[in-house]
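Below is one structure; the comments refer to it alone.
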2 protein chains.
Amino acid sequence: MSKRIIIIGAVALGPKVACRLRRIDPDATITLIDRDSLISYGGCGIPYYVGGDIADLEGLYSTIAHAVRDETFFRKVKGVDVVTQAEAIAINRREKRLTIRHLREDREEELEYDTLVIATGATAIRPPFPGVNLPRVHTVSNLHQAKAIKDMISKGEVENAVVIGAGAIGIEMAEALTDLWAVETTIVEMADRILPQALGRNIARIAEKHLQDNGVKLLIGEKVLKINGTEETGVESVETTAGTLPCQLVILATGVRPNSELAAGAGLALGKAGGILVDNCMRTTDPDIYAGGDCVEVMNLVNGQTILMPLGSLANRQGRIIASNINGSCEQFKGTVGTFCIKIFELGFATAGLTFDQAKAAGFDPVYATVAQSDRAHFYPDSEFMFMELIADRKTRRVLGVEAAGPQGDAVKARVDAVAPLFQYKADVSDICTLEAGYSPPYASAMDIVNNAGNALDNVLNGTHKPIDALEFTERFENKEIRVLDVRSKIQADPFVEKYGDRWISIPQDELRQKINEVPKDEELCLICGSGPRSYEAQIVLASHGITRTRNVQGGYGMVIATHSPLV
Amino acid sequence: MSKRIIIIGAVALGPKVACRLRRIDPDATITLIDRDSLISYGGCGIPYYVGGDIADLEGLYSTIAHAVRDETFFRKVKGVDVVTQAEAIAINRREKRLTIRHLREDREEELEYDTLVIATGATAIRPPFPGVNLPRVHTVSNLHQAKAIKDMISKGEVENAVVIGAGAIGIEMAEALTDLWAVETTIVEMADRILPQALGRNIARIAEKHLQDNGVKLLIGEKVLKINGTEETGVESVETTAGTLPCQLVILATGVRPNSELAAGAGLALGKAGGILVDNCMRTTDPDIYAGGDCVEVMNLVNGQTILMPLGSLANRQGRIIASNINGSCEQFKGTVGTFCIKIFELGFATAGLTFDQAKAAGFDPVYATVAQSDRAHFYPDSEFMFMELIADRKTRRVLGVEAAGPQGDAVKARVDAVAPLFQYKADVSDICTLEAGYSPPYASAMDIVNNAGNALDNVLNGTHKPIDALEFTERFENKEIRVLDVRSKIQADPFVEKYGDRWISIPQDELRQKINEVPKDEELCLICGSGPRSYEAQIVLASHGITRTRNVQGGYGMVIATHSPLV
C-alpha cells in the first residue's frame, strides 16, 4: 500500500514538501490541507502588490509560466490532492489520525496518515490596544487582507495611514503606501530604531533618514496607546505617546507568533519562543510528524540558541529536506544565521548574524567597525557610497554579524551573502580581511569593502584605530562638546571652517606632517575625511607625535550625511 | 636604528605594503622602487579608460579624493620614499644589499635593506609570431600603452582591430574598441572557448553569443600564424588559421608571465609555473625577503596546487599581510579559490573554483548542473534570467566550481561570492542546497538560484535527473538526431510545432499525466520547458510510466536562446 502523507498548510513549505515528495515517490498519497481558499502564494510579495509593482493579486499565486497554483493545478500538474478551507483541529498520534473541519460545511472528518507534516505557519500579532479590532485596522498576513487594503486605497479612501511596527513588513507597506498612493504614512516603533531585530543603530539610522527623506514619518521609541474610531466609520486616529495621529487606515506589523497550538495539543514539544521543536532532520518529538516553516524554532548558528525565524526562504529549503527525509533520506537543516535583505525606496539593506545588542545579550563582548566605500572601483563612473558594519567578539575575534546599506541593492546583498556562510565555521576577523570576493572595476574595488571592513575592525581590535560613530559625533558636535580636524582638501573643508570657525580646523592630509604644531593637543579632537581612511591615517600620524586624544569619525563625512542632515 | 625596508615594484601590492607598514611602524625607513615613471595605478581600469568610461588617464592613478599618487604624494601623505625609473637588478642576500639601476642616468646604486619585498608583478607575453614587434601591435600592461592605444583610436586611425587572446583583458579591450569607437574588432582565441581558464563551455557560450550580438567577431579554436605590416605603416593584417584579417591595431592579450628573474638570480625558489614560491606568511625561501602579487605562486584551495593567479584583488590583500608580518605578526594568506568576475557589454559573469576541465585534470570526477532562474522573485517587475552552473565531485559530492551569468551583474557576482568562501571548507552539494542567501522579492527568489543549482546537481548525482546541455541539444536537434517533447503551454509551443512538425511534440505539463500514451517510447526524447523545472518534473512523470529514454534540456529554452539563435 502506498504511503499516506498529509501536509497541514499550503503556503511556502507545504507545497514544497508535496511537490518534491511526489517527484521522489510516485506512489505516495499526498494531501495538502489549508484553512484558506487561496494557497501557495508569495506572501512576501504583498507589499509590492499594494505598491503597484505587481498589478494583479493572481501574480502572487501563479507560476513563472502564468499557471494559477490552485487545487486543479496541484492535482493535474503536481499529482497532489489539495483540500482548501479545511482546518486541522486535532492529531491522534496513537492511531495516526488527523481530524479536520471543513469550514464551508462546518463538518468534521478524520484522515489517516502514515506521516504528517505540520506547516501551519505563523499569525500576525494583534496587540491588545483598545480599538485594535476596529474596521480598517489590518494585519498583512494573507491575500484577502492585501486585497482589502489595496481596494480601499485605490478608491481614494485613505489620506493618512499609521503603520504600527517598523519591521520588514511595516517598512515595505509604508513605502508602498507613500510611493504609489501618496498616502501620508507614519510608522510607530517602540524600540529605539527601525528594524531592531536586524540592524544596529548606525545602519538603521541610514534607513530611517532615507525613509524620512522619502516622506515617511517616523515615531521611534514611541508607543501606541489606543486606536480611536467607530464600527461604522472605522479607524479615525491612533493615540501614541507622542500625540494623536489622524488616519483612515492602520497596518499592524508588530510581528508574528507561530501557529503551534495543534502541535502542542497533540503533546509535541515546543521551544522557549513558542515554536515547535524539531531536530536537524526537521522531525518533531514524534518521529512520524515533521514540521517546518514559520511554526518551528530553528538553531541560530551564531549563538547556539533555537529561535523563531519566519522567512519564506528558510521554509522552502526546509521543505525539500522534509520531503527527502520522509522518503528515507537523512538530510539535515543545520540552522540559520538570519541572513536578511530589504529594499527601502532607493536603498538596499542586508544583514546576517547578530546585531551589537543581540551579541551582547548572548554573552559576547562585541566590537564593531563601520566603513564607507565606493560600490564600484572609485574611478568607475556612477560609483556611490556603500556602508558596512562588521561585528566581532573582542576576545576570540570571531565574527558575529554584518550589516550593509547602499543604492546598489544587489551589491549590498552580495557583500552580506559572502560573509554570512562563514559564521557557521566560526570565522574570525582575519578570514574577512582575506575573504575572496570577485573583483572587476564595474562591480567592486580591488580591496573590497568586505576586506576593508575586516581591516578596520582589526585596527579597532588592535587598538590602533580609536573610532567615534557618526551618530555620536554629530550629537556631540552640535552640543559644542568637541572640535573637528578635517583632513580633506581645502576646497572641501572651507565651507565648514567658514560656518563653524575654530570649531572646525582644516589641515589637508598632505600638509599634516608639516603642520603638526597647529594641531590642538590638550582636548578631545574628532578627525574627519570623506569616508574614514585618510582621517584614520591622520590619527596614526598624530599618535606618532604624541597627540592621542583623537577619535576618528567612522565612515567619514559620507556616513555623517547618510545619517544626518548636512552640516553645511 | 630604524628598520630599512625596500619594496621593489610600486603598483598594487608594493604601495599597499608601504602604506600599511608606515601606519604600523612610524619609524621604519620605507623605500618603493619602480621601473616606470607612473606608479600605483589601477591597471584593471585600462579597458575602461580606452572605452571612455574613465575620461582621463590620471583617474587611474588618483585617489578617490582626486590626489595624484606620485612620488610627492607618497612622501608627503604616506611618509614613504619613492624612486621611480629605477630597476632592481641584483640582490646580494648575504650582505643584504640591493643593486638598482637608475634608468634616466644609466647609473647603478647599492641600497642596504633589513627586509626586502619583491612586488615585481608580471609581464604581458609577446608570443613569437612573425611581426609581433611591428608598430601598432600592443600589449595592455601599463598606462603608456593604454595612452598610445587610445590616442591612435581617437584620431580615427583604426577601423579594424584584432585582439589575440580571449581572456579578461582581451574581451574588455574588444568591448572598449567596439562600444565607444565602433572599431570592427575580431578576437582570435586558440582554445575551444573564450575565457577558457575561468568558464566551462556552457556559460562561456553565453558570453560568446553576447559578444557576437554586440558586433565583436570571434575566431574560436583558431591560431594566429603571422602579423603582416611594415615598420613605417605598422600592422596591416593578421594571418590566422581561419584566414587573413586586415587591421590597423593588434592587441596582444595572451596572458602574463611572472617577473621572477630577479628572485631566481638571487637563488630564491620558484614554483612549477615560474612564480616565486612563498609560504603562508608570504615569505620567500629567504626569511628576510617577502614577495607577493602577480610574481608569486599561490595555493589553489580547491585542488591543493600552487598556481599563478595574477589578480589585483589578491595583491592588495597580500600586501596588508606582508606589512603586518614585517612588523612582527604572523598573519596568513591561505590561498585562492580563483573568484573572478567580468562585465561584458550588458551581461555580468562570475566564477570561482575549478571549471569542469580543470576539475578533471586535477583528478576529480566532475559532474555539473546548469540552471536558469529569474534574478528577482518571478512576480517582481523586470526580473530576467540568470544562469548558473555548479560543479561537484561525483564520489565525495564536494563542490568544486561555480559559474554564473546574467544581466544584473551585481546579482550574478553575489551568487558566486556566496558560494566561493565555502570551497576552502570542502563544502558538499547539500551545503549549497541549504546555503543561506538573503531573500526579498526585489533581489531574489525565496528558493534562490544558488539553492536550486544545488538541488539540480543533487538530482543529477542521485540519478533522478538525466540532463542534456542546451549546446548538445541544439546541435543534435539541428542534425535531426533527436525529437523534442515541449511541456510549455500551447501558445508557447505552437510556433515550434508549426515549424518542425512531428520533430517537436507539444504536450503541456498539466495534460501530461492524461496524455502519457501520446509520448513516443522507443526513441531518445529531449524534454524542454522555459527554464528546466517543468521538463524535469515531466522526466519524472514519464519515468514513473516506464518512459526512461528522455533527457532534460538544462536551463530550458531560456538557455537555448542565451547560447544559440532562436529556433523559431
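The numbers here are math on the coordinates, done by the rules we state, and not lab data. None of the values given here were measured: they were computed from a predicted structure. Ideal geometry is used to build each Cβ from the backbone, glycine not excepted, and the neighbour counts take in all protein chains shown.
Some observations on this one:
- For the protein assembly as shown, with +1 on Lys and Arg beta carbons and -1 on Asp and Glu, the positive-most of B:I307, B:G200, A:L199 along the dipole: B:I307
- Across identical copies of the chain, A:R483 has label-point separations of 8.9 nm, listed in ascending order, with the point defined 7 angstrom from Cα along Cα→Cβ.
- Close amide-amide hydrogen proximity is noted between A:A444 and A:A377, each under 5 Å apart and 5 or more residues distant or on a separate chain (H modeled in the peptide plane; Pro and chain starts excluded).
- Euclidean distance between Cα centres, the stretch A:204-229 to the stretch A:242-270, Å: 20 Å
- Counting every C-alpha pair in the stretch B:137-254, the share spaced more than 22 angstrom apart comes to 28%.
- Cut-off under 5 Å, modelled amide H: who pairs with A:T29 long-range: A:K3, A:R4, A:I5
- Over all other residues within a Cβ to Cβ distance under 12 Å of A:D25, the charged ones net out to +3, with Lys and Arg as +1 and Asp and Glu as -1.
- Amide H partners (placed H, <5 Å) of B:L527, local residues excluded: B:L485, B:R551, B:N552, B:V553
- Packing around the peptides B:9-18, B:253-262, taken as the average count of other Cβ atoms within 10 Å per residue, puts them in this order, highest first: B:9-18, B:253-262.
- Around A:K480: net Lys/Arg minus Asp/Glu count, Cβ-Cβ under 14 Å: -2
- With a 10 Å cut-off around each Cβ of B:371-380, the average count of Cβ atoms from other chains is 5.
- Inter-chain shielding of A:418-424 (mean C-beta neighbours from other protein chains, 10 Å cut-off): 6
- Once the mean of 1/r is taken over each pair of separate Cα atoms and inverted, the stretch B:340-462 shows a Kirkwood hydrodynamic radius of 14.2 Å.
- Cβ crowding within 10 Å averaged over residues, with A:512-519, A:352-359 ranked highest first: A:352-359, A:512-519
- Shape analysis of the stretch A:314-383 places it in the oblate category; the axes a ≥ b ≥ c from the Cα gyration tensor give an a/c of at least 1.5, with a/b not above b/c.
- Projected label distance in nm at A:S565 and A:R97, using a 7 Å step from Cα toward the beta-carbon: 7.0 nm
- Fully extended contour minus Cα-Cα distance, from B:R394 to B:A264, at 0.36 nm per residue: 42.7 nm
- Placing +1 on each Lys and Arg Cβ and -1 on each Asp and Glu Cβ, with no other charges, gives chain A a dipole about its Cα centre of roughly 1180 debye.
- About the Cα centre, charge dipole magnitude for the protein assembly as shown (Lys/Arg +1, Asp/Glu -1 at Cβ), debye: 2200 debye
- At full extension, B:D382 and B:D365 could sit 2.3 nm farther apart than now, given 0.36 nm per residue minus the alpha carbon distance.
- Pairs over the 29 Å Cα-Cα cut-off, from the set A:K155/A:K343; A:K96/A:K272; B:K395/B:K480: B:K395/B:K480.
- Charge dipole of chain A about the Cα centre (unit charges at C-beta), most positive-ward option of A:G59, A:S154, A:L461: A:L461
- Cα centroids of the stretch A:129-145 and the stretch A:1-56: 24 Å apart.
- The residues packed around B:P407, meaning those with a beta-carbon under 12 Å from its beta-carbon, carry a net charge of -4 if Lys and Arg are +1 and Asp and Glu are -1.
- Taking the fewest neighbouring Cβ atoms within 10 Å as the starting point, the ordered list for A:D410, B:D288 is B:D288, A:D410.
- Label-zone membership for the stretch A:64-89, site A:E109, 7 angstrom Cα→C-beta point, backbone N under 20 Å: A:70-89
- Gyration tensor (alpha-carbon) shape descriptor, chain A, a/c threshold 1.5: prolate
- The protein assembly as shown shape via C-alpha gyration tensor axes, a/c threshold 1.5: oblate
- Inter-chain shielding of B:311-322 (mean C-beta neighbours from other protein chains, 10 Å cut-off): 5
- Starting from the label point of B:P495 at 7 Å along Cα→Cβ, the same points in the other copies fall at 5.4 nm, in ascending order.
- Rounded to whole Hz, the Karplus (6.51, -1.76, 1.60) HN-Hα couplings of the stretch A:182-192, x for glycine and proline: 6, 6, 5, 10, 10, 9, 10, 10, 7, 6, 7
- Euclidean distance of C-alpha centroids, the stretch A:501-537 and the stretch B:314-382, integer Å: 39 Å
- Relative contact order of the stretch B:467-563, defined on C-alpha pairs under 8 angstrom at six or more residues apart (%): 34 percent
- Our estimate of slack between B:T285 and B:A191, defined as 0.36 nm per intervening residue step minus the Cα-Cα distance, is 30.3 nm.
- Taking the label point 7 Å along Cα→Cβ, A:G328 and its counterparts in the other copies are spaced 6.4 nm apart, in ascending order.
- Chain A - percent relative contact order, Cα under 8 Å, separation 6 or more: 11 percent
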